[in-house]
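Participant: My questions all concern the structure below.
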Amino acid sequence: MLRFFLKRLATIIPTVILASMIIFALQQLLPGDPAIALSGEEKDPEVVAFIREKYHLNDPLPVRYAYWIGGVLHGDMGESIRLQQPVAQLIVAKFPVTLQLAVMAMAIAVLIGVPMGVLSAVYNGKAMDYTANVIALWGLSTPNFWLGIMLILLFSVQLGWLPASGYVPPTENLWENLRAMILPAFVLGNSIAAVMMRHTRAAMLQVLSSDYVRTARAKGLSPRAVIVRHCLRNASVPVITLGALEFGALLSGALLTEQVFSIPGFGKLMVDAVFNRDYAVVQGVVLCTATTYILLNLIADLAYFLVNPKLRRS
Amino acid sequence: MSDLSSPSSPAPSPTGKPPLLEVRDLKVEFADADSVVHAVNGVSYTLNEGETLGIVGESGSGKSVHVLAMLRLIPMPPGRLAGGQVLFEGRDLLTLSDAELRKVRGGSIGFVFQDPMSSLNPSMTVGRQIMEPLQLHLGMGADAARKRAVELMDMVRLPDAARRIDQFPHEFSGGQRQRIMIAMGLSCRPKLLIADEATTALDVTVQADVIELVKELKREIGMAVIWITHDLGVVAGIADTVQVMYAGRVMERGPVDDVFRDPRSAYTLGLLRSLPDLSAPIGQRRRLTQIDGAPPDMRAPPPGDPFAPRNRYATPRCFTEQPPLVQPPGAAPGHLAAAWYDLPALIAAETTP
Ligand SMILES: Nc1ncnc2c1ncn2[C@@H]1O[C@H](COP(=O)(O)OP(=O)(O)O)[C@@H](O)[C@H]1O
Ligand SMILES: [Mg+2]
C-alpha cells in the first residue's frame with residue numbers, strides 16, 4: 001500500500017513539472033502584448049520598455065520560465081499586472097470559494113446520481129428506470145446558466161427564500177454562506193448527477209448480470225443484500241473515475257455559474273486575467289488547477305486500490 | 001402411454017419415501033422483441049434422496065437453464081417460466097414466496113457453478129463468501145461462521161485454510177477456486193447439490209480430484225446430487241442415474257449401466273460413440289466420431305423428435321410427431337427413452353446385413 005502510494009507520488013513530480021512547462025509555453029501563444037495592454041492609453045514607448053524590463057519580458061523563453069518556476073517553488077507566483085497583487089494571494093483568496101462550491105456540487109451530484117443509477121439498473125426496463133432516465137436527460141439538456149436564472153427567479157425573486165446573489169464567506173456567517181452557495185451548487189451538481197446516473201446505471205447493469213451475482217442469489221441472499229454486499233463495490237470503479245474528472249473540472253472554475261450567482265471564484269479570476277493578458281495570474285491559476293487534477297487522479301488511483309484487491313496484493 | 005411408465009407419476013424410491021425432487025413438465029422460454037427461444041420444453045423427472053443424477057447433452061440443450069429455472073435464478077426478463085411444477089420436498093418451488101424460496105436456495109439446495117473465476121466475487125475474501133450462507137441459513141455468528149468456513153476449506157482439501165481464508169479469489173488456482181465453490185455449495189449441508197459443469201474448466205487430474213472429493217462428501221453428508229456435464233466419462237464415474245437432454249427435452253434416462261450398455265435413443269448412441277474408448281491402449285483408441293449436424297434453432301423447434309434431422313435411423317413419424325418418454329420394450333426397469341424407432345433392432349440389422 002505505502003509502496004504503491006510512494007511510487008505513484010514519484011511519477012507525479014515529473015508530471016507536474018511537465019505540466020508547468022506546457023502551461024508556460026502555451027501562454028506565449030496568447031495574442032497581444034501585456035506591456036502594451038498595461039501601458040495605458042498613450043502607449044508611451046518608454047513606459048512599455050520599463051514594463052518589459054520589470055517583468056523580464058525581453059528575456060528568452062527558458063530564462064523566463066526559470067524565473068517563474070523558481071519563484072513558484074518559493075511560494076511566489078509573480079504579481080498580477082492588473083491588480084498589483086501577488087498571484088499567490090489571489091489564489092489563496094479565491095481557491096477556497098471554488099473548492100467549497102465544487103465539494104457541495106459533487107456531494108449533490110453523488111447523492112442524486114448514484115442512488116438514481118442504482119435504482120434504474122435494479123428496476124431495468126420498469127417505470128423507475130424510465131423516470132430516472134427522463135430526469136437524467138433533463139439534467140443533461142438543461143444549460144447551467146438557464147437553470148441558474150430560473151432557480152433565482154423561483155427561490156429568490158418569487159419565494160424570497162434565498163438570496164439572489166452575493167457571496168458571504170463561511171468564516172463570517174456559515175448559514176448565510178450556505179444559503180448563497182446552495183443554488184449554484186445545485187445547478188452544477190445537477191448536470192453532473194445526470195452523467196453520474198448514466199455511469200452508475202451502466203456499471204450496475206454489468207455487475208448485476210455477472211456470474212458472481214448469480215452465485216450470491218443462489219446462496220439465498222435477499223436482493224438488497226446482493227446489491228449492497230456484492231454489487232456496489234464492484235460497480236464503483238467507473239463512478240470513481242468519473243467523479244475525479246468532474247471534480248477536477250469543477251475546481252478549474254465554473255465560469256458561467258459563478259457569473260450568474262456573482263460568486264468570486266476561480267472562474268471569474270481566470271476570465272478577467274485572460275482578457276487583460278495578466279500572464280502571471282493565468283499561469284498561476286492554470287498551474288494550480290493542473291496540480292489539483294493530478295492530485296485527484298492520485299486519489300482516484302488510491303480509491304481503485306481500495307476497491308480492487310487484485311491491485312492491493314501485487 | 002401407460003401410467004406406469006409415465007415420468008410424471010414416478011415410482012417411489014426403494015425405501016418407499018416420496019421423491020426429494022419432482023420436476024413436472026417444466027417449460028422455460030426466453031423472449032426478446034421479435035422471437036422466443038424455447039430453451040426447456042416439458043422436462044419431467046424425479047430424484048430420490050441420496051441419488052446422484054448425471055445430466056449430459058451438447059451445449060445449448062437446456063441443462064443449465066432448467067436447473068437455474070427450478071430456483072428461479074434465470075434472468076427474468078428475458079426468461080420466463082412457461083409452465084410446469086418443481087416439487088422439492090413436496091412444495092412447488094415455482095410458486096413459493098420469494099422469502100421461502102430464499103431459504104431453499106443455499107440452504108437445502110446448494111449450487112456449484114461453472115467457471116469458478118467469474119462465479120466468485122472478485123472483491124470479497126473467500127472466507128466471507130463461504131461464511132455468507134452459514135450466517136444466513138444457520139444463523140451463525142461471525143466467529144462461529146469463520147471457524148466453520150475454515151473447516152469447510154479443510155474439508156475440500158484447501159491447504160493452509162486458516163491463513164488463506166482472508167485471501168481473495170484471484171489468489172487461488174482454478175482448481176482451488178472450484179473447491180471453494182464446492183465448499184460454499186455444501187456449507188449448509190444441503191439435501192441436494194446441483195453442480196453445473198463444475199469440473200469443465202479444470203484439467204483432467206484436478207477434475208478427477210474434485211470428483212473423488214464430491215463422492216467422498218456425498219458419502220459423508222448423504223445428499224442427492226445433480227451433476228451436469230457434457231462429459232459422459234464423468235457421468236460414468238459419479239452418477240447412479242443418467243439423463244440425456246437435447247433441445248430442452250429429456251431424450252433418455254435410466255440407471256447409468258443400463259443406458260450406457262443398451263442405449264435406446266440415437267442421440268445417446270451418438271454421444272457414446274463420440275467418447276474415446278479409454279479401456280483401449282493409447283494409440284489404438286477408436287477415433288472420435290462427432291455427431292454430424294447442429295442442434296435445432298430453438299426459436300423454431302421442429303414439430304417432431306428434435307434429433308430427427310441429424311438421425312440416420314429417423315422414421316417419417318419422427319419428423320412429425322413427438323415421441324413420449326417411455327420405457328422401451330425389453331429395457332431395464334427405470335430406463336426410459338423418447339424414440340419412435342427400435343434402436344437395438346436397427347443396429348443389429350446394420351451389423352448383420
Ligand atoms: N439469458 C438468456 N437469454 C436468451 N437465451 C438464453 C439465455 N440463457 C440461455 N439461453 C438459451 O437457452 C438454451 C439452453 O441453454 P443452456 O441451458 O445454457 O444450455 P446447456 O445445456 O449448454 O447448459 C440455449 O439455446 C441458450 O441460447
Ligand atoms: Mg450449461
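The values are calculated or read from the model by the stated rules, or taken from the named source; none is laboratory data. Since the model is a prediction, treat every value here as computed from it, not as a measurement. Cβ coordinates were reconstructed from backbone atoms using ideal geometry, including for glycine residues, and neighbour counts include every protein chain displayed. Quick note on the areas: whole protein, heavy atoms, side chains included, nothing else; ligands and nucleic acids left out. Shrake-Rupley method; radii C 1.70, N 1.55, O 1.52, S 1.80 Å.
Participant: Rg (Å, one decimal) plus Dmax (Å, integer) for the alpha carbons of the protein assembly as shown?
Facilitator: Just the Cα atoms of the protein assembly as shown yield Rg and Dmax of 35.2, 119 Å.
Participant: Helix B:204-221 versus the longest principal axis of chain B: what is the Cα-based angle in degrees, 0 to 90, to the nearest 10?
Facilitator: Around 80 degrees separate the two axes.
Participant: How about B:K191: which lysines have a C-alpha closer than 21 Å to its C-alpha, ignoring those fewer than 8 places off in the same chain?
Facilitator: Result set, ordered by chain and number: A:K219, B:K17, B:K63, B:K103, B:K215, B:K218.
Participant: For segment A:141-246, which chymotrypsin sites (Phe, Trp or Tyr not before Pro) are both in a DSSP coil and crowded by at most 14 other Cβ atoms within 10 Å?
Facilitator: Here the chymotrypsin sites (Phe, Trp or Tyr not before Pro) that fit, given the DSSP loop and packing criteria, are A:W161.
Participant: Segment A:40-85: which GluC sites (Glu not before Pro) are DSSP loop and have at most 13 other beta-carbon atoms within 10 angstrom? Please report the intermediate quantities before stating the final value.
Facilitator: On the way: sites: A:E41, A:E42, A:E46, A:E53, A:E79; in loops: A:E41, A:E42.
Sparse-neighbourhood loop GluC sites (Glu not before Pro): A:E41, A:E42.
Participant: Heavy atoms only, probe 1.4 Å: what % of the accessible area of chain B goes to carbon and sulfur, would you let me know?
Facilitator: 54 percent
Participant: Also: On the principal axes of its Cα set, how long, how wide and how thick is segment A:94-313? Give whole Å, largest value first.
Facilitator: 63, 46, 30
Participant: What do you get for trypsin sites (Lys or Arg not before Pro) in segment A:104-204 restricted to DSSP loop and a cutoff of at most 16 other Cβ within 10 Å of the site's Cβ? Intermediate results must be reported in sequence, preceding the final value.
Facilitator: Working: sites: A:K126, A:R179, A:R198, A:R201; in loops: A:K126.
Counting only loop positions with at most 16 other Cβ atoms within 10 Å, the trypsin sites (Lys or Arg not before Pro) in segment A:104-204 are A:K126.
Participant: Answer with one residue from A:Y304, A:N177, A:P143: the one whose Cα lies farthest towards the positive end of the charge dipole of segment A:94-313, charges on Cβ with Lys, Arg +1 and Asp, Glu -1.
Facilitator: A:Y304
Participant: Between helix A:61-73 and chain A, what is the angle of the helix's C-alpha long axis to the longest principal axis, kept within 0 to 90° and rounded to the nearest 10?
Facilitator: That works out to roughly 60 degrees.
Participant: Could you compute how much accessible area chains B and A hide from each other, both sides summed, with a 1.4 Å probe? Nearest 100 Å² is fine.
Facilitator: Using a 1.4 Å probe on protein heavy atoms, the buried area is about 2200 Å².
Participant: Further, regarding this structure: Based on the alpha carbon coordinates of segment B:87-133, what radius of gyration and maximum Cα-Cα distance (Dmax) apply, in Å?
Facilitator: 13.4, 38
Participant: For chain B, with every protein chain kept in place, what is the accessible area per residue (1.4 Å probe, Å²)?
Facilitator: Solvent-accessible surface per residue comes out at 43 Å².
Participant: Just the Cα atoms of chain B, one point each, no solvent: what log10 I(q)/I(0) does Debye give at q = 0.11, 0.12 Å⁻¹?
Facilitator: Here log10 of I(q) over I(0) equals -0.77, -0.91.
Participant: Let me spell out the model: positive unit charges on the Cβ of Lys and Arg, negative unit charges on the Cβ of Asp and Glu, origin at the Cα centre of the protein assembly as shown. What dipole size does that give, in debye rounded to 20?
Facilitator: Details: 60 positive and 59 negative charges, 210 e Å.
Magnitude of the dipole: close to 1020 debye.
Participant: Here's a follow-up. Rounded to the nearest Å, what's the spacing between the alpha carbon centres of segment B:45-59 and segment A:249-277? Just the number, please.
Facilitator: 70 Å
Participant: List the residues of segment A:175-217 for which accessible area in the full set of protein chains is at least 20 Å² lower than for the chain on its own; 1.4 Å probe, protein heavy atoms only.
Facilitator: SASA drop of 20 Å² or more in segment A:175-217: A:D211, A:Y212, A:R214, A:T215, A:R217.
Participant: When DSSP beta bridges are limited to those with both residues in chain B, what percentage is antiparallel, rounded to the nearest 5?
Facilitator: Of the beta bridges lying entirely in chain B, close to 60 percent run antiparallel.
Participant: Explain nothing, just the number: dipole magnitude of segment A:94-313 about its Cα centre with +1 on each Lys and Arg Cβ and -1 on each Asp and Glu Cβ, in debye rounded to the nearest 20.
Facilitator: With Lys and Arg at +1 and Asp and Glu at -1, about 1140 debye.
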